[in-house]
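Here's the structure, in C-alpha cells; my notes come after.
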Amino acid sequence: MRGTPGGTGVTVKAVTIGVDVSTSAAAGADPVRFAQAAERLGFDFVSCSDHPSGTHPSFETWTLLTWIAAATKRVGIVTRVLGVPYRPPAMVAKMAETLDRLSGGRLILGLGGGYSDDEFRGFGLRVPTPREKVDGMEEAVRIIRGLWSQPGFSFDGRLFTTADAELEPKPDRTIPIWLGTFGDRALTVTGRLADGWIPSHGMAPPAPAEVMRRRVRAAAEEAGRDPDDITYAYNVEVRAGEQRPSPDSTAVWGSSRAVAEQLASFVGLGFTTLNLKPVGADRGEQLELLATEVLPVLRPDAAN
C-alpha cells in the first residue's frame, strides 16, 4: 500500500486509470478532442462501448477508436467491450493487429458476449442464446489468439470456424484481451483464458463483484495460471461535485474527496485498474475535475 498526498486519509495501491469516451455523434460532440484532453491530463487509456444500434446518433466503436488513435500519441486504446456476435472473430483478429501496429502497441482488445438482443434483431443478426454468447466469446478468444500466433490456423467450433487461415503480419507483442463478463460460465472462461476482466459497477456492485472476482481467480488457478497475472479492471460511472445524478443512477458521486475514497475502496477489493465514465452533460468539465482532484489522490505520480 502507498500513502497519498494532501492529507485526504486515502491510501491505495498503484492504480491504472482510464476514462470513457462517449460514442455520441450528436451535434457538438467531439470525442477526439475529449480523448486528446484525457491524454494531456494524464489518464492511462481511453475506452469506448459498443452499441451500434439505437435512436441516439453514435459513431461505430472500432472506427472511432482508430480515429482517436491517429490523433493521440501515448494514451491506451480500449474496446469496452466489442460484442462478439457483431463481427467475425477472424476479422477482429486482423483489425486488432492492424490497429495495435498503427497505434504503436496501444490497443487492449475488450470482448463480450453481446448485451442487447434488440440490437441483434435490429441489425438482422441471429439472436444467440445466453449459452451461445459465452461459447461464442470463448471461441472468439481462441480464434484470435490462434491467428495471432500460428500459420495456417484452423478451428472448428460450434459457432465459428477457420480453415487454414493465414494472418500476416503477426502482432509484435501480446495484445491483451479483456472480457466483460458476469455469469458463472463466462467468469470461468475469463479466468481460464483472458488477460483482464472488466465488469461494470452498475451491473456488479462491490459485494457481488468481489464474489465474481474470486470465481475468476479460482478458474485461473484451476487452469494452472497465476491469477495475479490477470488485470482486474472496474468500469465505474462517476460524478465529482455536489450535484447528484438522477435518482436511479448507480454512479459514484459527491465531493472529489468522497469520490476518491469510494474509488480507493474498489482498489482495496483488488481492482487496480479503473475505467471512469463521467456522468452528465458537462463531461469536459468533469474530466478536468477528475484529473486535477481525484486522479492525483488515487495515483500521486500522475499529478499535473
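Just so you know, all these numbers are worked out from the coordinates, no wet-lab data involved. Predicted model only: the values in this text are computed from it and were never measured. Neighbour counts are summed over all protein chains in view; Cβ atoms, including those assigned to glycine, are modelled from backbone coordinates with ideal geometry.
Of note:
- A helix-only calculation puts the chain at -11000 deg cm²/dmol for mean residue ellipticity at 222 nm, using -39500 (n - 2.57) for each DSSP H run of at least four residues, averaged over all residues.
- Fraction of beta bridges assigned by DSSP in region 16-302 that are antiparallel (%, nearest 5): 15
- For region 90-163, the set of chymotrypsin sites (Phe, Trp or Tyr not before Pro) satisfying both a DSSP loop assignment and a count of at most 12 other C-beta atoms within 10 Å is given as F123.
- DSSP-assigned coil residues among GluC sites (Glu not before Pro) in region 153-242, each with at most 12 further Cβ atoms within 10 Å: E166, E242
- Hull volume in cubic angstrom per residue (convex hull over the Cα atoms of region 16-302): 133
- Measuring nothing but how far apart in sequence close Cα pairs (under 8 Å, 6+ apart) lie, relative to its length, the chain scores a relative contact order of 19 percent.
- Magnitude of the charge dipole, the chain, Cβ model with Lys/Arg +1 and Asp/Glu -1, debye to 20: 260
- Applying 1/(1 + (r/R0)^6) with r as the Cβ-Cβ distance of R145 and R121 and R0 = 30 angstrom yields a FRET efficiency of 0.50.
- Counting all C-alpha pairs of region 65-216, share separated by more than 25 Å (%): 31
- For the chain, the longest site-free run once trypsin sites (Lys or Arg not before Pro) in DSSP loop states with at most 14 other Cβ atoms within 10 Å are removed: 174-304
- Counting neighbouring Cβ atoms within 10 Å and putting the fewest first, the residues D164, D118 line up as D164, D118.
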